[in-house]
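Here's the structure, in structure tokens; my notes come after.
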Amino acid sequence: MQSDYIGDDCAYLKDLGIVVSQDSLVEDVHFKRDLISPFQLGYKSVMVNISDICASGAKPAYLTISLSLPNDIDSDFVKEFYEGAKKACLTSLPLDEGVSIVGGDITSADKIYVSVCAIGDAKGRNISSRK
């Protein structure tokens, strides 16, 4: 298996024809709960990953999203978060080429932790590194 790693943001897996990026957002480190809505957090979580894929030269295609949430977070938060995430998926590319959320996980935690894995199609594209 051969892979070329692109800076700190993406890994180019030539043999699979994909670029992969992983980013995490942690409450009180990357955002403050009282300064961001669940919709905005979902949107931001997706866009930081899509931008990494685009910067590599690949076409964003798929996402998995994992949420770790405190007990005081209700289902409305989760619903709004995913509305923001889906909005980012639809507005980041032409409508016929939107990014799909294909999986993920929800667990409990003491703070909000968001982890997104983005997969981009690298076939027929000129993939560049930060070097």
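The values are calculated or read from the model by the stated rules, or taken from the named source; none is laboratory data. In this text, all values refer to a predicted model and were calculated from it rather than measured experimentally. Neighbour counts run over all protein chains shown; Cβ positions are idealised from the backbone, glycine included. In case anyone asks, the SASA skips ligands and DNA or RNA and just uses the protein heavy atoms, side chains included. Shrake-Rupley method; radii C 1.70, N 1.55, O 1.52, S 1.80 Å.
Enumerate the pairs (first residue in the stretch 28-39 and without any contact (Cβ under 8 Å) to a residue 40 or more places away in the chain; second residue anywhere and surrounded by fewer than 10 Cβ atoms within 10 Å (Cβ to Cβ) and small (Gly, Ala, Ser)) with beta-carbon separation below 8 Å, excluding pairs fewer than 6 apart on the same chain, so at least 6 apart or on different chains.
That search, which allows pairs on different chains as well, returns nothing.
Taking the criterion of being at pLDDT 95 or above, open to solvent by 60 Å² or more (accessible area, probe 1.4 Å) and aromatic (Phe, Trp, Tyr), would at least one residue in the stretch 41-58 satisfy it?
Within the stretch 41-58, one or more residues are at pLDDT 95 or above, open to solvent by 60 Å² or more (accessible area, probe 1.4 Å) and aromatic (Phe, Trp, Tyr).
Does any residue of the stretch 109-128 turn out to be out of contact with any strand residue (DSSP E or B) (no Cβ under 9 Å at 6 or more places or on another chain), outside any strand (DSSP E or B), surrounded by fewer than 19 Cβ atoms within 10 Å (Cβ to Cβ) and among the hydroxyl-bearing types (Ser, Thr, Tyr)?
Scanning the stretch 109-128 turns up no residue that is out of contact with any strand residue (DSSP E or B) (no Cβ under 9 Å at 6 or more places or on another chain), outside any strand (DSSP E or B), surrounded by fewer than 19 Cβ atoms within 10 Å (Cβ to Cβ) and among the hydroxyl-bearing types (Ser, Thr, Tyr).
Can you tell me how many residues within the stretch 16-32 are open to solvent by less than 80 Å² (accessible area, probe 1.4 Å), modelled with pLDDT under 95 and outside any strand (DSSP E or B)?
Residues in the stretch 16-32 being open to solvent by less than 80 Å² (accessible area, probe 1.4 Å), modelled with pLDDT under 95 and outside any strand (DSSP E or B): 1 in total.
Given the criteria surrounded by 16 or more Cβ atoms within 10 Å (Cβ to Cβ), at pLDDT 95 or above and over 14 Å from the mean Cα position of the chain (by Cα), does PRO70 qualify?
no
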